[in-house]
Amino acid sequence: MKVAPFKVGPDYIDPGYHSIASGCVGRNLDSVLCGNDLIGPLYHYGSQHADIAVVEGVMGLFDGRISDGAGSTADIAAKLGIPILLIVDARGMSQSVGAVVRGFATARSDVRIAGVILNKVGSDRHAAVCREAVEAEGIPVVGSIPRQHDIVVPSRHLGLVTAIEHGEAALKAIQSMEKLIEQTCDIDRISALADCSYTGPMWDPTTVVDKVGQPTIAMAGGPAFTFGYAEHRELLEAAGATVVVFDPLQDALPACDGLIIPGGFPEEHVVELATRQDLRSAIADMVAENKPIYGECAGMLWLLETLNDHPMLGVIGTGADMGHRLTLGYRTAVAMTDSIMYQAGERVIGHEFHHTRLRQPQAPGFEPAWGWRSWSGDKVFEGFVGGTVLASYLHCHPAATPMAVQRFVAAGEASRR
């Protein structure tokens, strides 16, 4: 059975594990970043060659954007017409689990709880009592997973350790989980619950961007820069680019006409990055040659002068430090000035998710990339635009901003002339 995996929300880490588990590309479904109209088409595109799709939720079933709840797992399920398989932590409960499930099942009329998996049950007797309580509400229990102490995926300040960094241990953990699920859950019954009422169009990267050249675009990857949406590369290639992924911890910069540095964890690899004077020199040459460079969150940090006092690329003359409180949330932002990807006045919805803070919010030779209002209504100016460099903490979904991707490719093509 071929499984298409999805994750609700902007999270980059879980889809990496999904890809290992399924052998297919992990994708995100975020109606805040992408808008409601793209959820069905993106789901259709990502699941077109699969036998079944599994969409992992985000936080609790009804948790979404704080202001209005948009983008919750329940929202995505309702938009696609897919059923919910509710995972219930049964620790510390027995008959009460039935009331919990009833509450979830009746909270929204457009969301259907089709089945329940009991997690962290203490014994066969505990599982039986919980099962009886849930099925008294008319909802089948299709699995009971006992408490586990030897299957662990480590976490840190922004969530789980990424699959690529966890390496062989990630594969072993997933294999152990697979074996556990086969032993404790009824896979046939779960598969029979699958359904989807969406019958609309399919997203297609070749229809939302034009081919604007044939530049080679280098994209940073490896353990330090793992945060990216699959649609980004697909759109770059649809616009005519050849994408070459390299690992800044060990590879030289490929011959290229543009550079994209996605998010990730440079702070975990800051010592190794600080030794790459060859990359510092090569990317300085790119800046001098007016080749487009885009750094997103971690990518922006690498472009700074310092990170935790370690020398970085030195493109942007300020530094950043780890250890500050988490900055998290959706931002409705307006482009403050023209850049290689956006025109002044264009609006996007992006997402911030970081523990670093800039020592100075601006740097010589750069203008702010974005402006928005904080929760308290204060004006916020963020990011850096200078020449053919754009860098920002803001994560945007490429499927929602295909023209920005096309403009980047066009800038890469222009640098070849």
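The values are calculated or read from the model by the stated rules, or taken from the named source; none is laboratory data. Since this is a predicted model, take the numbers as computed values, not measurements. FYI the Cβ positions are ideal-geometry reconstructions off the backbone, even for glycines, and counts take in every protein chain you see.
For this structure, a couple of remarks:
Residue by residue, here is whether (1) buried (at least 19 other Cβ atoms within 10 Å of the Cβ); (2) modelled with pLDDT of 95 or more; (3) not assigned by TED's automatic domain parsing to the domain that holds L29 holds:
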site: A173; (1), (2), (3): yes, no, no
site: D188; (1), (2), (3): no, yes, no
site: P215; (1), (2), (3): yes, yes, yes
site: F227; (1), (2), (3): yes, no, yes
site: V245; (1), (2), (3): no, yes, yes
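- Qualifying residue in segment 384-407 (condition: surrounded by fewer than 23 Cβ atoms within 10 Å (Cβ to Cβ), basic (K, R) and modelled with pLDDT under 95): no
- Any hit, segment 201-213, residues being surrounded by fewer than 19 Cβ atoms within 10 Å (Cβ to Cβ), under 30 Å from G115 (Cβ atoms) and within 25 Å of the chain's Cα centre (by Cα): yes
- Count of segment 323-345 residues which are within 14 Å of L394 (Cβ to Cβ), in contact with a helix residue (DSSP H, G or I) (Cβ under 9 Å, 6 or more places away or on another chain) and among the hydrophobic types (A, V, I, L, M, F, W, C): 1
- Remark: E231 matches the filter, which requires a residue to be in the same structural domain as D309 (by TED's automatic domain parsing), in a helix (DSSP H, G or I) and crowded, with 22+ Cβ neighbours inside 10 Å.
- D89 being over 30 Å from G122 (Cα atoms), among the charged types (D, E, K, R) and in the same structural domain as I13 (by TED's automatic domain parsing): no
- Looking at G314, G329, just one residue is at positive phi and assigned to a loop (DSSP other than H, G, I, E, B), and that residue is G314.
- Residue list for segment 11-23, filter: out of contact with any Gly (no Cβ under 7 Å at 6 or more places or on another chain) and either hydroxyl-bearing (S, T, Y) or modelled with pLDDT of 95 or more (or both): Y17, S22
- Subset of segment 60-82 [in a loop (DSSP other than H, G, I, E, B) and touching a residue at least 40 places away in the same chain (Cβ under 8 Å)]: L61, F62, R65, I66, G71, S72, G81, I82
- All told, L85 meets the bar of being touching a residue at least 24 places away in the same chain (Cβ under 8 Å), assigned to a strand (DSSP E or B) and in contact with a Leu (Cβ under 9 Å, 6 or more places away or on another chain).
- Cβ-Cβ distances below 7 Å connect the following pairs, each with a first residue in segment 307-325 that is in the same structural domain as P266 (by TED's automatic domain parsing), a second residue that is outside any loop (DSSP other than H, G, I, E, B) and among the hydroxyl-bearing types (S, T, Y), and a separation of six or more residues or different chains: M312/T306; G319/T306.
- Selection within segment 1-18 - hydrophobic (A, V, I, L, M, F, W, C) and either more than 8 Å from the chain's Cα centre (by Cα) or assigned by TED's automatic domain parsing to the domain that holds P262 (or both): M1, V3, A4, F6, V8
- Checked against the criterion of being farther than 18 Å from G387 by Cα, in contact with an Asp or Glu (Cβ under 9 Å, 6 or more places away or on another chain) and among the hydrophobic types (A, V, I, L, M, F, W, C), the candidates M336, M312 yield just one match: M312.
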